[in-house]
Amino acid sequence: GKHILANVTSVNKNADTIVSVTTDKGLIKADMFIDCTGLKSLLIDGTLSEPFESINDTLLNDTAITCRMPYKDKTRELETFTDCTALSSGWAWNTPIWTRIGTGYVFSSRFQSKSDALQEFKDYLIKRFDKERVDNAEFNFLPFKTGKYKRGWVGNCLALTLAAGFIEPLESTGLAITCYQIEEFIKRIKTNDNTAFVRATYNTELSQIFKDVHNFVLLHYVN
C-alpha cells in the first residue's frame, strides 16, 4: 500500500458512493473508503449524512479532562495495571506507561462545571502524586458524544473507531469494538461483493454489539 500524508479539503460523492477525496496533495480515488477521522466523522456524517443515535439519556458522561504525569519514583509508580477511581461526577483513570503516567477525569457536564471538575481532579492528583507535578501539568478538555451512527457501513464507506460511535472509555470496550469491526468487514469483503445484503447483516450485528456494550457499561452505574 501507499501512505499519503495529506489534509482532506473536500469529498466527492455520488448518492451513497464516495467517488474521491480532494487533498492538499491532489485527488485520491478508491473503491472503498475507511472513515477514521475520529469525532469529526468526516465521511460517514459530514459527507453521507448518516443519522447519529445518541445514548446520552442513559450514559451521562460527556467530557474528559486529560493530563500527563512525569514519574518521580518510577519503581513504585510504574504499576502493571490501569485503575479507575470514582469522583463526584464521574471517574478518573490512571494509566502508567514506560515514559510517563496518563491520567484523566471523565465526568458529566450536566452535574459539574468545567472549573469545578478541574479543581476536583487537581485535588485528586495532589493526593495521589504531589502538588509540584500537578502545578506543572497541562490539562486538556475533550468533549465527546455517546452513541453510534445508525449504520457503520454505508455504500463504499466503513466507519471505524470514534468515527463509528463511542460509548465511553470505561473498560476499553472501544478497542474491542474496533477489532470486531475490522474482523467482520474483512470476513465479508473477502467472500462477498459489497452488496446491500452484506452491508445490512454487518450493520445489524454491529448494532447489537453496541447495544450489549452499552448495557454492560451502564451496569457500572446502577446501584
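The values are calculated or read from the model by the stated rules, or taken from the named source; none is laboratory data. Just so it is clear, the structure is predicted and the values come from calculations on it, not from any experiment. Note that we place each Cβ from the backbone using ideal geometry, even for glycine, and neighbour counts take in every protein chain shown. Ligands, DNA and RNA are excluded from the accessible area calculation, which covers all protein heavy atoms including side chains. Shrake-Rupley method; radii C 1.70, N 1.55, O 1.52, S 1.80 Å.
Quick rundown of the values:
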| read-out | value |
| --- | --- |
| Of all residues making up segment 39-55, the number that are farther than 21 Å from N12 by Cβ and modelled with pLDDT under 95 | 1 |
| Residues of segment 13-29 classified as without any contact (Cβ under 8 Å) to a residue 40 or more places away in the chain and surrounded by fewer than 13 Cβ atoms within 10 Å (Cβ to Cβ), total | 6 |
| Members of segment 76-86 found to be at pLDDT 95 or above, of a type in the set (V, I, T) and over 21 Å from V106 (Cβ atoms), listed by number | none |
| Matching option when the condition is of a type in the set (K, R), surrounded by fewer than 18 Cβ atoms within 10 Å (Cβ to Cβ), closer than 21 Å to K74 by Cα and in contact (Cβ under 8 Å) with a residue 24 or more places away in the chain, among R128, R110 | R128 |
| Within segment 1-101, strands (runs of 3 or more DSSP E) holding 2 or more residues that are of a type in the set (V, I, T) | 8-14, 17-23, 63-69 |
| Residues within segment 150-168 that are farther than 21 Å from T63 by Cβ and open to solvent by less than 50 Å² (accessible area, probe 1.4 Å), tallied | 9 |
| The one condition in (1) surrounded by fewer than 19 Cβ atoms within 10 Å (Cβ to Cβ); (2) within 30 Å of V21 (Cβ to Cβ) that D123 fails to fulfil | (2) |
| Residues of segment 169-193 that turn out to be surrounded by 12 or more Cβ atoms within 10 Å (Cβ to Cβ) and on the phi > 0 side of the Ramachandran plot, as a count | 1 |
| Residues of segment 42-58 satisfying the condition of being open to solvent by less than 40 Å² (accessible area, probe 1.4 Å) and in contact with a Phe, Trp or Tyr (Cβ under 8 Å, 6 or more places away or on another chain) | L43, I44, E50 |
| Residues (open to solvent by 60 Å² or more (accessible area, probe 1.4 Å) and either touching a helix residue (DSSP H, G or I) at 6+ places or on another chain (Cβ under 6 Å) or of a type in the set (F, W, Y) (or both)) located in segment 194-210 | F197 |
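One line per residue, one yes/no per condition, for (1) free of Cβ contacts under 8 Å to residues at least 24 places away in the same chain; (2) open to solvent by less than 70 Å² (accessible area, probe 1.4 Å):
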| position | (1), (2) |
| --- | --- |
| C36 | no, no |
| K40 | no, no |
| A64 | no, yes |
| Y71 | no, yes |
| T75 | yes, no |
| G90 | no, yes |
| W93 | no, yes |
